[in-house]
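See below for the structure under consideration.
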């Protein structure tokens, strides 16, 4: 060991959505909390490309959401050859909230009770209504744009800022929903539409996925972290955790990590909290083997890494005759359709799906869409699509299956030699039928809105944004990894707070629920420390 | 040119202009230095450099520059099938150089400036009023 550090009260691993919320809550209670983050700080003014003419090219390089393509020093490779969906993530202070689209819907009450309601998977050991105060607190901290009154949810507290504008494109597609009499609503969005909490309103520049240089988008490097650090939280960047060690009683003792110079450091802590996402967290646990835990830490159930859930996506694109000014406004239009969210027994699948509406692609993305040939017909094909498309991302609920899993690849490691994860994933028959239904109904909306042509991709590969289920939450230690407080059944001073603890996936983006759970776990850790 | 030889550069100039022909106010790629963009890009990426140098050499070996335009297009179409990896990268980097050039971006109807710091004015839209009808249809969330 090159450097051994003094013990801290609580050590968090990962500075993304959940790690930031958790660290702030603890620091706010006077607890000494330290966070290790494998990435670095990004400076919104100098590190984001959206002020440069070549901004779109950065989607292929340093802002490619796929770490295997990005291949930056802070990333670890992932063997995804046995998965039709590629896992996506970003490694930096703020984690994947740096490149997210800031969709911020909550899971719905039924998502926590799928066994009771639909006889599939398991119920969560916690309900929507138990989490509600944490959803509300998190909304205030992140800043949420939206409108209350959505009949697809129980009543919510007022949103912090008005909804993202519809523009011509939004007007066009909402006419389609209205014509069919189907549900649509401006989805909660973690984007300031007007000044809020010291950050400005969005100037509708478009590409949220390339980082927000004006800090209108609520990534946790600009929301939770500045506040947490002011309260005394310590954040160590470029710290890549290799493993968690245990003492002779089987309690978590320390995290061993590589610093930016390649030194091996050991950080002792009374409590260790994993917030490294649904792939990074099981990777660390499975790499943390010892005599007491030969199959990986906290893995007596054998479920660490299993039940991996993505949200499978179908993409449906409508082409319209007129210019919809589709490049103006946040790329995610943040309209959500929940018409097909809940189980309907007349269909041939259980649970359901939502659509998210996405604005038109920018010039380069339009040209590279696969629909614009080279040669004589190039300009005609480009003109037909540019600013004239509306896209639905049909997001389906992925039920947990133990054969969908994260394991350690015996032949792959990161630049420090830490073994890398391997993903094995198969799309279930239920998900396939669900997405097929989604493509049909989404096509109906496009046509009702006036689309002249509709195309679709039945399963988008580069769509593994949501990483869930790999350290399942539950009451039974034989059938779950953590309890309702994120505390591992096997090691009582070890917690997990990221999407790994999801029991089921719902059919909406998970970040709002991940952060609410992190705040809920934080309250438990605070109460235990008193 | 940092990497491409004169003959490879000449060949690439003809190829990119066949991939995206000049039309009206839309320039040809060679008008706006797309070949220089590609040369810069591959100069910093050894694997890509090898792919381009070998691919272009192969095309040059077919006496590409002395062919009629239709024959050049036919040859590129054959190449698209037989050397799909090189061709996909050729398309990607040609489009990259072309569609990030401010002259092109203005010609397709945008302001020509990057998204930040100016952003855009977005109309709020007229259809939030339609939400009243959605509300009137009543609760659709399932209370467990």
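Values in this text are rule-based calculations from the coordinates and carry no lab data. The model shown is predicted, which means the values in this text are computed figures rather than measured ones. We place every Cβ from the backbone using ideal geometry, glycine too, and count neighbours over all the protein chains shown.
Per the Debye formula with a single identical scatterer at each Cα and no solvent contribution, what log10 I(q)/I(0) holds for region A:3-529 at q = 0.07, 0.09, 0.11, 0.12 Å⁻¹?
Each listed q maps to, in turn, -0.35, -0.60, -0.91, -1.10.
What's the angle, to the nearest 10 degrees (0 to 90), between helix A:277-287's Cα axis and the longest principal axis of chain A?
Relative to chain A, helix A:277-287 is tipped by roughly 30 degrees.
In degrees between 0 and 90, to the nearest 10, how far off the longest principal axis of chain A does helix A:17-28 point, with axes built from Cα atoms?
Helix A:17-28 sits at roughly 50 degrees to that axis.
Counting helices only, and only those DSSP H runs with n ≥ 4, report the 222 nm mean residue ellipticity of chain B as the sum of -39,500 (n - 2.57) divided by its residues, in deg cm²/dmol to the nearest 500.
Calculated mean residue ellipticity at 222 nm is -17500 deg cm²/dmol.
To the nearest Å, what is the center-to-center distance of region A:436-491 and region B:81-144, using C-alpha atoms only?
23 Å
Which whole-number percentage describes the relative contact order of region B:6-114, with Cα contacts under 8 Å and a sequence gap of 6 or more?
After rounding, I find 32 percent.
Quick check: the distance between the Cα centres of region A:159-201 and region A:214-247, to the nearest angstrom?
Result: 30 Å between the Cα centres.
Place the peptides A:134-144, A:352-362, B:66-76 in order of packing, highest mean first, counting for every residue the other Cβ atoms within 10 Å and averaging per peptide.
A:352-362, A:134-144, B:66-76
With a 10 Å radius around each residue's Cβ, average the other Cβ atoms per peptide and rank A:208-214, A:399-405, highest first.
A:208-214, A:399-405
Can you compute the helix-only [θ] at 222 nm over chain A? Use -39500 (n - 2.57) per DSSP H run of at least 4 residues, normalise by all residues, nearest 500 deg cm²/dmol.
-7000 deg cm²/dmol
Which whole number gives the average count of other chain Cβ atoms within 10 Å of the Cβ atoms across peptide A:112-123?
1
Using Cβ contacts closer than 10 Å as the measure, can you line up B:141, A:184 from fewest to most?
Ascending Cβ contact count within 10 Å gives the list B:141, A:184.
How shielded is A:373-385 by partner chains, expressed as the average number of their Cβ atoms within 10 Å of its Cβ atoms?
4
Tell me the relative contact order for chain A as a rounded percent, counting alpha carbon contacts under 8 Å between residues six or more apart.
23 percent
Can you give the mean number of other chain Cβ atoms that lie within 10 Å of the Cβ atoms in peptide A:198-205?
Neighbouring Cβ atoms belonging to other protein chains average 3 per residue here.
Please compute the contact order of region A:81-172 in relative form: average sequence separation of alpha-carbon pairs under 8 Å and at least six residues apart, divided by the residue count, as a percent.
16 percent
How would chain B be classified by its alpha-carbon gyration tensor: rounded, prolate or oblate, with rounded meaning a/c under 1.5 and the a/b versus b/c comparison settling the rest?
Prolate is the answer for chain B, as a/c is 1.5 or above and a/b outweighs b/c.
Assign one of three labels to region A:133-274, namely rounded, prolate or oblate, based on the Cα gyration tensor with a ≥ b ≥ c the square roots of its eigenvalues; rounded applies when a/c is under 1.5, prolate when it is not and a/b is larger than b/c, and oblate otherwise.
The shape class here is prolate.
Report, to the nearest 10°, how far helix A:167-180 tilts away from the longest principal axis of the Cα atoms in chain A, using its own Cα long axis and a range of 0 to 90°.
Computed tilt is about 80 degrees.
For region A:37-51 and region A:402-433, what is the separation of their Cα centres, given in Å?
Between the Cα centres of region A:37-51 and region A:402-433 lies a distance of 28 Å.
Just check region A:343-408 against the gyration tensor rule for me: Cα atoms, a ≥ b ≥ c as the square roots of the eigenvalues, rounded for a/c under 1.5, and otherwise prolate or oblate depending on whether a/b exceeds b/c.
Note, shape of region A:343-408 comes out prolate.
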